[in-house]
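Inspection log for the structure reproduced underneath, given as structure tokens.
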Amino acid sequence: MGHGHPERPARIRAISDQLISQRLADFLHKIDAPVATTEQFVRVHDRHYIDHIIKSAPRKATVQLDLDTLMNPHSLDAALHAAGALIAGLDSVLSGEVSNAFCAVRPPEHHAEHDRAMGFCLFNNVAVGAAHALSECGLERVAIVDFDVHHGNGTEDIFEGNDQVLFCSTYQYPFYPFSQPSGAATNIIHCPLPAGSDGELFRQAVTNHWLRVLQRFQSQMLLVSAGFDGHRLDPLAQMQLTEADYQWITERIMECANEHCEGCVVSTREGGYDLEALAHSVAIQVRCLMKL
């Protein structure tokens, strides 16, 4: 997205290097993400919006979609594969090929609304995955948990009022994208936290607001929008979480999945802009998904 932009290729390289250095990469089953199809996108995005993104892809230089979100000549291809990663992850987990999946993708996704790109996001990959699970995999209930430091406004926009999808989101508030929790939709669970919140407040919010609802919902698949920008070292936010908190939330997610959906979890990377904190936090989550 341009020189100096926080959503940069080094984020994926840092994750890959950390998985190698911790010897986790040797035990992972790697899947190259396919390209998501138009049929898979139109379940969650407006057809005119999809066409707009495709037509906006530049042949050289960059084009700006909003104040934060740009495309270069490779962005569209990356976005199509990023959404395809969720499809491949879901299919691989549900077929029993793998136990769980982590999608190490760029660009991120959870700010992309039904007909709008924003916050570094072009398409809402986790929404594409959830809709695929409901439409093609025969599932009737899917839960999405989002612990990015920014509210997943796009995911909420797409699924608000859809009783087949439970969306639980914890985030720093007030903060970008400056969402106003309405509390009107029963399938949307908000956990706004003030700047400076530490792991104790984070864990209390998840325990008091997410876990009971997840238990009642009895999801058949758990999708995770895993944002690691709540880490105390992250330059874009003011939360005080650590790797131990990301291990804790992943363990709680796994416990819920083991109880209600045969342990099926597909996680996708959202925010996290301090490279060392991001890499170590992802490795913690991958280790939990691998049940090590």
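Which longest run of the chain has no exposed loop site in it, a site being trypsin sites (Lys or Arg not before Pro) in a DSSP loop with at most 11 other beta carbons within 10 Å, and the site itself not part of the run?
Longest gap between qualifying sites, sites excluded: 61-290.
Exactly which GluC sites (Glu not before Pro) in the range 44-126 are in a DSSP loop and have at most 13 other Cβ atoms within 10 Å?
Taking the range 44-126 and a limit of 13 other Cβ atoms within 10 Å, the loop GluC sites (Glu not before Pro) found are Glu97.
Using Cα-Cα distances under 8 Å and only pairs 6 or more residues apart, what relative contact order does the range 206-292 have, in percent?
38 percent
State the Cα centre-to-centre distance between the range 110-183 and the range 217-292 in whole Å.
16 Å
Per the helix-only calculation at 222 nm, which mean residue ellipticity applies to the chain, given -39500 (n - 2.57) for every DSSP H run of n ≥ 4 and division by its residues, nearest 500 deg cm²/dmol?
-11500 deg cm²/dmol
When the convex hull of the C-alpha atoms of the range 1-83 is computed, what volume per residue in Å³ does it have?
Cα-based convex hull of the range 1-83, divided per residue, equals 125 Å³.
With springs only between Cα atoms under 10 Å apart, run a GNM on the chain and tell me which of His111, His280, His48 wobbles the most.
Looking only at His111, His280, His48, the biggest GNM fluctuation is shown by His48.
Where the Cα atoms of the chain are projected onto their three principal axes, how long is each span, largest first, in whole Å?
Extents along the principal axes: 47, 43, 40 Å.
Report the relative contact order of the range 10-289, percent, no decimals, based on alpha-carbon pairs under 8 angstrom and at least 6 residues apart.
Taking the mean separation of contacting Cα pairs over the length of the range 10-289, I get 20 percent.
Values in this text are rule-based calculations from the coordinates and carry no lab data. Here the structure is a predicted model, which means the values were calculated and not measured. Here the Cβ is made from the backbone with ideal geometry for all residues, glycine too, and neighbour counts use every protein chain on show.
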